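The values are calculated or read from the model by the stated rules, or taken from the named source; none is laboratory data. These numbers come from a predicted model, not from an experiment. Here Cβ is always computed from backbone atoms with ideal geometry, including for glycine, and neighbour counts include all displayed protein chains. The protein model used for the area step is the full one, side chains on, heavy atoms only, and it has no ligands, DNA or RNA in it. Shrake-Rupley method; radii C 1.70, N 1.55, O 1.52, S 1.80 Å.
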Amino acid sequence: CAQDEVETFKVTHPDEWKDWTRAMATAYSLQERVKSRTMDQSATIMAADRFKDRDAIYYPWQFDFRGRMYPIPTNLTPQGADLGKGLLEFAEGKPLGTDGAYWLAVHGANTYGYDKVTLDNRVAWVQQYQELIVDSGNDPLGGQLFWTEADKPWEFLAFCIEWAGYVEQGEGYESHLKVAVDGSCNGLQHLSALLRDE
C-alpha cells in the first residue's frame, strides 16, 4: 500500500515529486562523498599510527614518461591529501635561520589560502596573524581554533606548531616541516635546462 501512495503522489504532485527526487539525489551524493572521504582519512590515520614510532620511513617512487615522480603508497604520502601532508615531517630537522623562517611563513600563508599575493605580503600576513597562529600551534583543540578556517587545515596546523616553536626559540629552531614550493616547468624540463638542451 505504501508503493500505491508513492505512485499516487507522483501523479497528483509532479512538481513536488521532482523537487524531492532532486533533493534525495543531492543527499545521497553528499553521503557517498562523505563516506569516501571518511574511508580515505581512516586509512591515512591507520598508516600514520602504524609508523608513528619509527625514526624514519622511506617511500618507493615511480616516474611517469615526463619525469614526474609519484610515491607508490596511496594514503600517507607527501603528495597526498591535506591530512597526510599535515601528518608528515622530515626525520632530520634543520635550523630555520632567516631564509628558512621566510619560506616557512610563505608556506603557512599558502596553506591557509592566502596565496594570491606576493611572497612578501604572505610573510606580512603571517606576522599580522602571529598571535592566532601561535595560539593554534600551542593549543590546537582548546585555543581559538584559527587553524580550522584554513583551506588546508591539517597542513596549516602543522605550520602553526612549527611557527610557535620558531617564535619561542628564534632562528635556531630546528624545523622538521616540509615546505611546499609550487613550481612550473618541472621534471624533465628542469633537467633540460640544467643540461642546456635546446
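Charges only on Cβ, +1 for Lys and Arg, -1 for Asp and Glu: so what's the dipole of region 1-90 about the Cα centre, in debye to the nearest 20?
Computed about the Cα centre, the dipole is about 540 debye.
Computed over the Cα atoms of region 81-162, what is the ratio Rg over Rh, Rh following Kirkwood?
In region 81-162, Rg relative to Rh is 0.95.
Within the chain, count lysine pairs with alpha carbon atoms under 20 angstrom apart where the residues are 8 or more positions apart or belong to different chains.
10
Assuming R0 = 30 Å, what is the FRET efficiency of Arg50 and Leu141, from their Cβ-Cβ distance, to the nearest 0.05?
Once the sixth-power term is evaluated, E becomes 0.80.
Suppose every Lys and Arg Cβ carries +1 and every Asp and Glu Cβ carries -1, with no other charges. What dipole size does the chain come out with about its Cα centre, to the nearest 20 debye?
560
Taking only DSSP H segments of four or more residues, each worth -39500 (n - 2.57), what value at 222 nm results for the chain once the sum is divided by all its residues, to the nearest 500 deg cm²/dmol?
Result for the chain: -18500 deg cm²/dmol, rounded to the nearest 500.
Just want the answer: with Cβ charges of +1 for Lys and Arg and -1 for Asp and Glu, which residue in Pro73, Leu119, Trp163 is farthest toward the dipole's positive end in the chain?
Towards the positive end, the residue furthest out is Pro73.
Hey, what's the Kirkwood Rh for region 1-78 if you take every pair of different alpha carbons, in angstrom?
Averaging 1/r across every pair of different Cα atoms and inverting gives 17.2 Å.
Averaged per residue, what accessible area in Å² does region 65-189 show with a 1.4 Å probe, protein chains only?
Heavy-atom accessible area per residue stands at 57 Å².
Just check region 28-68 against the gyration tensor rule for me: Cα atoms, a ≥ b ≥ c as the square roots of the eigenvalues, rounded for a/c under 1.5, and otherwise prolate or oblate depending on whether a/b exceeds b/c.
oblate
Which cross-chain or sequence-distant (5 or more) residues have an amide H under 5 Å from the amide H of Ser175, H modelled 1.01 Å from N in plane?
Residues meeting the amide H criterion: Lys94, Leu96.
May I ask you to order 133-146, 53-66 by the average number of other C-beta atoms within 10 Å around their residues, highest value first?
The peptides rank, most packed first, as 133-146, 53-66.
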